[in-house]
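Take a look at the structure below.
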Amino acid sequence: MKGILQDLRYATRTLGRTPGFTLVALLTLALGIGANSSIFSVINAALLKPLPYPNPDRLMLLYERDVAAEGSGPNIVALANFLDWQKESRAFAAMAAERQNPFNLGGNDRGILPERVDGTICSWSLFAALGVQPMLGRAFTAAEDRHGAPPVAILSYGLWQRRFGGARDILGGQIRLDSKNYNIVGVMPPGFGNPERKVEVWVPVQQVLGTEDIASRGSHQFYVVGRIRDGALPNRRQRNWIPSRMRSTCNTRKIWWAAARRYGRWRRKETAVAVLHSWFCLRQWAVCC
C-alpha cells in the first residue's frame, strides 16, 4: 500500500510539471472512453438487446414488393392489401398493421393545456401480435376496428400518469384527440412503446381513416407485423405460409432486423448528437485554455 501511494505522488508531481502533456492525455482518455461507451450503446441497442416481446423469433415484418418492376425492393404495405392478407393467411396466429400518427390532445377545464402527442393508428390485433397486453383494462376488439364504430383509445403509461395522475378509474373516461372524444379502454405497461418509445396513444386505424383510404391499394403507409403460428416454420426456400394468391407480391423479413434498425436508428441518432456535443465542448474548452 505504501508503494502505491508513493507511485501516485510521483505521478502527480510529474504530471504537474508538464501541464500541456497532462491536458492532452486527459482529453484523449475522455474522448476514448466516450467513444467506446457510445459504440457499445449502439451495438447493445441494435444487436445485443432482445426485443421486449414474448418469443421475438416468432415475429415477422411483412413487406410488399412490385414483382413487375425489375430490381424493385420491399415496400411498406397498403391497408387494403393487409386486410386481404389477414383474412387469407393461415400461418400467422395474429397479424397487425400500424402507422405513426400525431394527435392534438385537447385540454380541459381544470387548467390542463392542449398539446401535440405522438400516436399510432393500428389494427385491433396489434397487441396480440406483439404478445403484450395492457396493464390496466383491455386491448382493442375486432368490432372496434371498423369505420363508424364507437371511438376508443389506449394510453401509454406516461400519458396516463401525466394527464390523469395515474387514476385507476380512468377506464371508460374520455380523451379528446383531434377534436373527437375517444373512450379510454386500456393503459399499457411502463416502458412500452411501439413502433417507437415516444408513442403515447393508440387508436384503431379504421376509426381514423376514411373509407377511400381504407380501400386504397396505392397508398403504402403501414408496417405489417405477423406472429407465426406454432408449427409453421417459414424459411427462405419455403413460402407456403403465404397465401398462394399473394406469393408473387410478398416479401418478408424478420421483425428483429427491422426493429433493430428502427429502434437502433433512433438511439444511434441520440448517441451521435451526444458524442458530437461532447466533442464540440471539449474543443471549445481546449481552445479557451
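The values are calculated or read from the model by the stated rules, or taken from the named source; none is laboratory data. Note that this is a predicted model, so its numbers are computed, not measured. Backbone-built Cβ (ideal geometry, glycine too); neighbour counts: all protein chains shown.
Of the residues Arg236, Arg261, Arg227, Arg265, the single one that is modelled with pLDDT under 85, in contact with a helix residue (DSSP H, G or I) (Cβ under 8 Å, 6 or more places away or on another chain) and among the charged types (D, E, K, R) is Arg261. Go through the residues of region 104-118 one by one and say whether even a single one is without any contact (Cβ under 8 Å) to a residue 24 or more places away in the chain, among the basic types (Lys, Arg) and part of a strand (DSSP E or B). Scanning region 104-118 turns up at least one residue that is without any contact (Cβ under 8 Å) to a residue 24 or more places away in the chain, among the basic types (Lys, Arg) and part of a strand (DSSP E or B).
Gly148 satisfies every condition listed in (1) under 25 Å from Trp85 (Cα atoms); (2) at pLDDT below 90; (3) buried (at least 17 other Cβ atoms within 10 Å of the Cβ) except (3).
Selection of region 121-144 for residues being under 13 Å from Met188 (Cα atoms), assigned to a strand (DSSP E or B) and not small (Gly, Ala, Ser) yields only Leu136.
Residues in region 177-190: is at least one within 20 Å of Trp85 (Cβ to Cβ), surrounded by 15 or more Cβ atoms within 10 Å (Cβ to Cβ) and of a type outside the set (Phe, Trp, Tyr)? No, region 177-190 contains no residue that is within 20 Å of Trp85 (Cβ to Cβ), surrounded by 15 or more Cβ atoms within 10 Å (Cβ to Cβ) and of a type outside the set (Phe, Trp, Tyr).
The set of residues in region 165-216 that are polar (S, T, N, Q) and either out of contact with any strand residue (DSSP E or B) (no Cβ under 8 Å at 6 or more places or on another chain) or part of a loop (DSSP other than H, G, I, E, B) (or both) comprises Ser179, Asn194, Gln206, Thr211, Ser216.
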